[in-house]
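> My questions all concern the structure below.
FYI, it's all coordinate maths here, none of it is from the lab. Source: prediction; values computed, not measured. Cβ placement follows ideal geometry from the backbone for every residue including glycine, while neighbour counts extend to all protein chains displayed.
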Amino acid sequence: MSSSAAQPGGQTIDLAALSVQQLSQLKKQLDSELEHLTTSFQSLSRAQAKFKDCLKSISDGLTAKKADSPILVPLTPSLYVPGRLMDVSTVLVDVGTGFYVEKSTADAQDFYKRKIEDLGRNLKELEAIVQGKGKNLSVVEEGELHVLFSFDLQGGPGRAREGGPLELETWDVWEVAMAGVGARTDG
Amino acid sequence: MGELQKQLQDLSDEFQKLQGELQTAVDARQKLESQQQENRGVQKEFTLLSDDANIYKLVGPVLLKQEKSEAVMAVDSRLDYIEKEIKRIEKQISDIQEKSENKKLEIFQLQTQMQQQQQQQPVQAAA
C-alpha cells in the first residue's frame, strides 16, 4: 500500500505485475485520493463564490447614491439594529489570519478580483489532476478485471490443492468478473 | 499454530496503530500547509499596501489597530514557526512510514511461515 503511496503522479506502475490484492489496494487508494481532491475542488469553488459575493456587494451596495441610506445591522443572525450608511468610500477587508485592512472600494474590488483569479487558476489545475486520477482509476479497474479473467482461464492456480468444490469456486470468480463487467458498462 | 496466529494478530494491531498515527500526522501536515498558504497570502497582501495603511488585528471580539511594521513582523514570525513545524512533522511522518514498512515486512514473513507450516501438515489441518 505504501509502496504505491510513495509513487506520486508521473511514475508508471506495471499493472500486470500486481496481484489481485495489490490491485484492489491500489484502487482503494486511488478512490480515497479522488474523493479528497473532489472535496477540495468543491471547497475551492465555494470560496470563489464567496469572493464573488463580496465583489457584488461592493459594486451594488456601496455606490455614492447609497450614502446615508438607512440599513439594518445584524448583531446576531437573528437580531438587527437600525443604522445609517456613513461611509461608502472605504471598507475593511479580511485578508486572512485575523488581519483586516482598510481599503478604498476600488482597491477592495481589485483585491477580490485577484483572489477570484487565483482561485480560478487553482481550480483549473485541480480539475486536470482530478481527471488524471479518474483515468488512473479506470485503468486500474480494468486491470483488476483482466487479472480476474486470466485467473479463471488458468483454472484457478493454487485452488486445486485445496480440493473440494473447485468448480463452484471457479464459478464464483466468473460471477464476480461478470458482475464487474456489468458495473463497468453501466458506468 | 495458535501461537503464530496470536503473533500475527499482535503485529497487525501494531500496524493498525501505526497507520492511525500516520493519519494524524498527515492531517497535521495538511493543516500546517493551509495555514502557510493563508499567511503567505497575507504577507503578499501587506507588500502591496502603503506604509500608512490602516491595519487592524482581530483580537477576540474587537479589532485592534496595528502598525504595518508590527503586522508584517507578526506574519513573518508565524511563517517561520510554521516552516519549522512542517519540517518536524515531515520527519515524524517518514519515521512512521519506515516503522510501518518494517511491520508490514514482519507480517508478510509471518504469513509465509504460517503457510509453509500449513502445507507441511495437511493431514493435521484436515483433521
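> For chain B, what does the helix formula give at 222 nm: sum of -39500 (n - 2.57) over DSSP H segments with n ≥ 4, over the residue count, nearest 500 deg cm²/dmol?
The per-residue figure over chain B is -30000 deg cm²/dmol.
> For A:Lys113 and A:Ser78, what is the calculated FRET efficiency with R₀ set at 41 Å and r taken between the beta-carbons, to the nearest 0.05?
E(calc), rounded to 0.05, equals 0.80.
> Roughly how many whole Å is it from the C-alpha centroid of segment A:100-129 to that of segment A:13-35?
Here the two parts' Cα centres lie 37 Å apart.
> How far is helix B:2-47 tilted, in degrees, relative to the longest principal axis of the Cα atoms in chain B, given as a value from 0 to 90 rounded to the nearest 10?
With both axes taken from Cα atoms, the answer is about 10 degrees.
> What is the Cα centroid distance between segment B:1-53 and segment A:48-80, reported in whole angstrom?
Taking the Cα centre of each part, segment B:1-53 and segment A:48-80 sit 38 Å apart.
> Right, something else. Please compute the contact order of chain B in relative form: average sequence separation of alpha-carbon pairs under 8 Å and at least six residues apart, divided by the residue count, as a percent.
Result for chain B is 39 percent.
> Between A:Leu34 and A:Leu92, what is 0.36 nm times their sequence separation minus the Cα-Cα distance? Round to one decimal in nm.
Between A:Leu34 and A:Leu92, full extension yields an extra 17.1 nm.
> Please compute the contact order of segment A:18-153 in relative form: average sequence separation of alpha-carbon pairs under 8 Å and at least six residues apart, divided by the residue count, as a percent.
33 percent
> Within a 10 angstrom radius of the beta carbon, how do A:Glu33, A:Glu127, A:Glu144 rank from fewest other beta carbons to most?
A:Glu127, A:Glu33, A:Glu144
> Which whole number gives the average count of other chain Cβ atoms within 10 Å of the Cβ atoms across peptide B:53-65? Before the final figure, lay out the partial values.
On the way: counts 4, 6, 6, 7, 4, 5, 1, 0, 0, 0, 4, 1, 2.
For peptide B:53-65, the averaged partner shielding equals 3.
> For B:Leu105, B:Leu11, what's the fewest-to-most ordering of other Cβ within 10 Å of each Cβ?
B:Leu105, B:Leu11
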